[in-house]
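Colleague: Here it is, the structure, as structure tokens.
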Amino acid sequence: MLIYALKRLSVALLVAITVSLLTFSMIYLSGDPAMALAGESATQMDIENIRRVYGYDQPIIVQYFSWLGHALTGNLGHSHYLKSEVADVIFQRLPVTMTLGACALGFALTLSIPLGVLAAMRPNTLIDRFALTVAVIGQALPSFWFALIMIFFFGVALRWLPITGSSSWMNFIMPSVALGYYITPAVMRLTRAGMIEVLSSDYIRTARAKGLRPIVVLFKHALRNAIIPVVSLAAVQFGFMLGGSIVIETIFAINGLGQLAWESILRADLPMMQAIVLVLSCFYIVLTFLADLLNAFLDPRIRVS
Amino acid sequence: MGDTVQKIDSVPVIADRTVDEPSPAERARKRMFSHFGFMFGAIVLLTIFAIAFLAPLISPHDPLDQQLARKLIPPVWHEHAKATWVHPLGTDQFGRDYLSRLIYGSQISLLIGFAAMLISGVIGTALGVAAGYFGGRVDMVVNFIITTRLSLPVVLVALAVVSLVGNSLWIVIWVLGLLIWDRFAVVMRSTTQQVRNLDYVAAAQAIGCSTPRIIFAEIMPNIVNNLIVVATIEMAHAIILEAALSFLGLGVQPPAPSWGLMIAEGKNHMLFDPWLVGIPGTALFILILSINLLGDGIRDVTAPENRN
């Protein structure tokens, strides 16, 4: 287990370094980052000043290591647009996005796991067909359009829910649904496939033959094993959702990392953009690393291979 | 003599039995035509393709022609004095015919979906097949590249890159194509791993076939079904991403009639004219649905054993 964990950890670190390199070189896509930061009405002097202040006049390799060194000590740079430290702004916004992601994941799991289990218990019946239809429709709904439809019906026509802001828990209902429904098909299909496989295995037959109550067999023996791959899928999807929340946060005007990212992109706030991509990527790397460890802990077969 | 007669007699019997049995291709065709999702997806998708190709012929107006005197006319099914068959789906806030914009918008969605899928397909398949066939170090490196790619948030990176490089249709296509190859790589890798251990690959290696020949003549034909299924998923993925980018204002630029952009432009009028958002969104939904159903259908028809 320790060897497995160390192996995974070294891969994760290597991935993180590569990602930091990619994130760093991102700002050079515009050609000259100093020019991009200065904006259109800047004079040559302004550009030269920015170049010096941000250190864009130094060799790229020096710039990368100084950026990485600062990032490792928690200094993600300075946003001249917001006149504050990038790290401060990000960690101020991060909890909102985390809450949104957690609510969305909670919604997705409470919808998809029971549906998947029901579908697996009675394959090719009406329930199974229904679950499949939900999955197919869910996969075809663009989340931003779905969000607008919900705003129209529940926010404007029925006036049940607030449509913008993040002040109360009511504000999080529609965004969580809009963000979470998109992953329900994947989780549901995986739960269904896992349950079908487990339910036809020998130990379930034994458990049934012993005369255990069907509900005990279903939850204590079957679901426990079928849920293992779902756990790692959920971790991975949580990471995807944090990245995808940019669309949802923009629509619902939620003051989280996604909206910050969108605003930073619109005003070409390069240090902020870099830092957000880096933070979200690292978060995803940590999540997958933990999911791998959890999987290996739950299923000893993974550790060996 | 008696032996020969018996042999001659027995041949037609065997032949008859073979004729009764439908060939695998026939069975696949039969499954195809009786598969609801496949037929629905194929017919709807073909219709949308036809609409996109025939756009100049069938669209009633110029999609970019602004007539401010005729702005925000509701669609014909609204009981409204201004509703007219001249503009069956109404007009937007600039007085542009909504049906024509919808028709021309299908070109953008299909072009982006198809082109981005081709780019990502080439990258992902090359990486996946190499990893699956060669294994060892190559597999390790490819796995590393896939993990790195997965840890980058797609929407965020696409938005950032488009904003830095500039946004034209082809830049959006390239950015998406370069970002969404991961599923191709993952699926092609595992499929190739399964195929490469089969006897006919070993036989080809034994008679001294070159590696490219084995990959293209022995491996590729046997993984192409999975490739098509992933291709449909990624085409739908690219179309949704383009719509989301355009919706956020960083994809296809106005006045182009991208469906995502139409939703964004209609958003501000949603309160009184919800159809401005409803119509392009429904079009997007139907397009994605038909592609997904077609993909699921192809999987069921070509490999019915993998259904669950």
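The values are calculated or read from the model by the stated rules, or taken from the named source; none is laboratory data. Not measured: the values here are computed from a predicted model. Ideal geometry is used to build each Cβ from the backbone, glycine not excepted, and the neighbour counts take in all protein chains shown.
Colleague: Just give me the residues in the range B:19-29 being part of a helix (DSSP H, G or I) and over 28 Å from B:ILE288 (Cβ atoms), in sequence order. Write out each step before concluding.
Modeller: Just the residues of the range B:19-29 that are part of a helix (DSSP H, G or I), to begin with: B:19-20, B:24-29.
Residues satisfying the conditions are B:VAL19, B:ASP20, B:PRO24, B:ALA25, B:GLU26, B:ARG27.
Colleague: Go through the range B:30-66 and report how many residues are among the hydroxyl-bearing types (Ser, Thr, Tyr), in a helix (DSSP H, G or I) and within 21 Å of B:LEU102 (Cβ to Cβ).
Modeller: Pass one, the range B:30-66, residues among the hydroxyl-bearing types (Ser, Thr, Tyr): B:34, B:47, B:59.
With in a helix (DSSP H, G or I) added as a condition, the list becomes B:34, B:47.
Those left that are additionally within 21 Å of B:LEU102 (Cβ to Cβ): B:47.
Count: 1.
Colleague: Spot the failing condition for A:TRP262; the list is (1) surrounded by fewer than 18 Cβ atoms within 10 Å (Cβ to Cβ); (2) among the aromatic types (Phe, Trp, Tyr); (3) within 26 Å of A:THR99 (Cβ to Cβ), and only one is missed.
Modeller: Answer for A:TRP262: the failing condition is (1).
Colleague: What's the total number of residues in the range A:156-179 that are under 19 Å from A:VAL96 (Cβ atoms) and in a helix (DSSP H, G or I)?
Modeller: So in the range A:156-179, the residues under 19 Å from A:VAL96 (Cβ atoms) come out as A:161-179.
After this cut, where a residue has to be in a helix (DSSP H, G or I) as well, the list is A:169-179.
So the answer is 11.
Colleague: Name every residue in the range A:103-145 that is free of Cβ contacts under 8 Å to residues at least 40 places away in the same chain, more than 13 Å from every other protein chain (Cβ to nearest Cβ) and aliphatic (A, V, I, L, M), in order of residue number.
Modeller: A:LEU118, A:LEU126, A:ILE127
Colleague: Considering only the range A:40-61, how many residues are within 32 Å of the chain's Cα centre (by Cα) and at pLDDT 80 or above?
Modeller: 1
Colleague: Would you check which residues across the range B:282-296 are facing chain A (nearest Cβ under 8 Å) and more than 17 Å from B:GLU242 (Cβ to Cβ) and list them?
Modeller: Those that are facing chain A (nearest Cβ under 8 Å) and more than 17 Å from B:GLU242 (Cβ to Cβ): B:LEU293, B:ASP296.
Colleague: If you don't mind, there's one more thing I want to ask. Quick check on the range B:173-194: of everything there that is within 14 Å of another protein chain (Cβ to nearest Cβ), part of a helix (DSSP H, G or I) and touching an Asp or Glu at 6+ places or on another chain (Cβ under 9 Å), which residue is surrounded by the most Cβ atoms within 10 Å (Cβ to Cβ)?
Modeller: So, considering only residues that are within 14 Å of another protein chain (Cβ to nearest Cβ), part of a helix (DSSP H, G or I) and touching an Asp or Glu at 6+ places or on another chain (Cβ under 9 Å), the one surrounded by the most Cβ atoms within 10 Å (Cβ to Cβ) is B:ARG183.
Colleague: Residues of the range B:200-256 being under 30 Å from B:GLN93 (Cα atoms), part of a helix (DSSP H, G or I) and of a type outside the set (D, E, K, R), which ones?
Modeller: Here is the first cut: in the range B:200-256, the ones under 30 Å from B:GLN93 (Cα atoms) are B:236-256.
From what's left, part of a helix (DSSP H, G or I): B:236-247.
Hits for the range B:200-256 are B:ALA236, B:HIS237, B:ALA238, B:ILE239, B:ILE240, B:LEU241, B:ALA243, B:ALA244, B:LEU245, B:SER246, B:PHE247.
Colleague: Further question: Which numbered condition in (1) crowded, with 19+ Cβ neighbours inside 10 Å; (2) closer than 30 Å to B:THR191 by Cβ is the only one that B:THR302 fails?
Modeller: Here B:THR302 meets the rest and fails (1).
Colleague: Here's a follow-up. In this structure, is B:SER163 more than 10 Å from chain A (Cβ to nearest Cβ), assigned to a helix (DSSP H, G or I) and among the polar types (S, T, N, Q)? Explain how you work it out, then say what you get.
Modeller: On the way: more than 10 Å from chain A (Cβ to nearest Cβ): no; assigned to a helix (DSSP H, G or I): yes; among the polar types (S, T, N, Q): yes.
Judged against the criteria, B:SER163 is not a match.
Colleague: Considering only helices (runs of 4 or more DSSP H) fully contained in the range A:2-56, which possess at least 3 residues that are touching a helix residue (DSSP H, G or I) at 6+ places or on another chain (Cβ under 6 Å) and within 14 Å of chain B (Cβ to nearest Cβ)? Write out each step before concluding.
Modeller: Values: elements: A:2-26, A:33-38, A:44-54.
The helices (runs of 4 or more DSSP H) meeting that bar are A:2-26, A:33-38.
Okay, residues lined up against (1) modelled with pLDDT of 85 or more; (2) β-branched (Val, Ile, Thr):
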{"site": "A:VAL230", "(1), (2)": "yes, yes"}
{"site": "A:VAL236", "(1), (2)": "no, yes"}
{"site": "A:GLY256", "(1), (2)": "yes, no"}
{"site": "A:GLU263", "(1), (2)": "yes, no"}
{"site": "A:LEU270", "(1), (2)": "no, no"}
{"site": "A:TYR284", "(1), (2)": "yes, no"}
{"site": "A:PHE289", "(1), (2)": "yes, no"}
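Colleague: Continuing with the same structure: If a residue counts only when it is touching a residue at least 12 places away in the same chain (Cβ under 8 Å) and within 12 Å of another protein chain (Cβ to nearest Cβ), which helices (runs of 4 or more DSSP H) contained entirely in the range A:180-265 have at least 2 such residues? Spell out the reasoning first.
Modeller: On the way: elements: A:184-199, A:202-209, A:228-252.
Helices (runs of 4 or more DSSP H) meeting the threshold: A:184-199, A:228-252.
Colleague: Return the residue satisfying two criteria in turn: it lies in the range B:208-223 and is in contact with a Ser or Thr (Cβ under 9 Å, 6 or more places away or on another chain) and under 28 Å from B:PHE38 (Cβ atoms), and of such residues it is farthest from the other protein chains (Cβ to nearest Cβ).
Modeller: Step one: filter the range B:208-223 for residues in contact with a Ser or Thr (Cβ under 9 Å, 6 or more places away or on another chain), giving B:215, B:219-220, B:222-223.
Keeping just the survivors that are under 28 Å from B:PHE38 (Cβ atoms) gives B:219-220, B:222-223.
Values: B:ILE219: 23, B:MET220: 27, B:ASN222: 23, B:ILE223: 21 Å.
The selected residue is B:MET220.
Colleague: So B:GLN253 fits all but one of (1) free of Cβ contacts under 8 Å to residues at least 40 places away in the same chain; (2) more than 12 Å from chain A (Cβ to nearest Cβ); what number is the exception?
Modeller: Result: B:GLN253 passes all but (1).
Colleague: Now for a different question. Given (1) at pLDDT below 90; (2) facing another protein chain (nearest Cβ under 10 Å); (3) part of a helix (DSSP H, G or I), identify the lone condition not met by B:VAL301.
Modeller: Condition not satisfied by B:VAL301: (2).
Colleague: Within the range B:257-281, track down each residue that is facing chain A (nearest Cβ under 9 Å) and either part of a loop (DSSP other than H, G, I, E, B) or β-branched (Val, Ile, Thr) (or both).
Modeller: Passing the criteria: B:ILE263, B:MET270, B:LEU271, B:PRO274, B:VAL277.
Colleague: Also, quick follow-up: When you look at B:ASN143, is it surrounded by 16 or more Cβ atoms within 10 Å (Cβ to Cβ) and within 11 Å of another protein chain (Cβ to nearest Cβ), yes or no?
Modeller: Values: surrounded by 16 or more Cβ atoms within 10 Å (Cβ to Cβ): yes; within 11 Å of another protein chain (Cβ to nearest Cβ): yes.
Against the criterion (surrounded by 16 or more Cβ atoms within 10 Å (Cβ to Cβ) and within 11 Å of another protein chain (Cβ to nearest Cβ)), B:ASN143 qualifies.
Colleague: Looking for something away from every other protein chain (no Cβ under 14 Å) and within 30 Å of A:PHE238 (Cα to Cα) - is there at least one such residue anywhere in the range B:85-107?
Modeller: No, the range B:85-107 contains no residue that is away from every other protein chain (no Cβ under 14 Å) and within 30 Å of A:PHE238 (Cα to Cα).
Colleague: Mind checking which residues of the range A:267-282 are surrounded by fewer than 20 Cβ atoms within 10 Å (Cβ to Cβ) and assigned to a helix (DSSP H, G or I)?
Modeller: Within the range A:267-282, A:CYS282 is the sole residue that qualifies.
Colleague: Moving on to the next point. Being of a type outside the set (A, V, I, L, M), in contact with a Gly (Cβ under 9 Å, 6 or more places away or on another chain) and either surrounded by fewer than 19 Cβ atoms within 10 Å (Cβ to Cβ) or modelled with pLDDT under 90 (or both) is the requirement here; does A:GLY106 meet it?
Modeller: On the way: of a type outside the set (A, V, I, L, M): yes; in contact with a Gly (Cβ under 9 Å, 6 or more places away or on another chain): yes; either surrounded by fewer than 19 Cβ atoms within 10 Å (Cβ to Cβ) or modelled with pLDDT under 90 (or both): yes.
It is true that A:GLY106 is of a type outside the set (A, V, I, L, M), in contact with a Gly (Cβ under 9 Å, 6 or more places away or on another chain) and either surrounded by fewer than 19 Cβ atoms within 10 Å (Cβ to Cβ) or modelled with pLDDT under 90 (or both).
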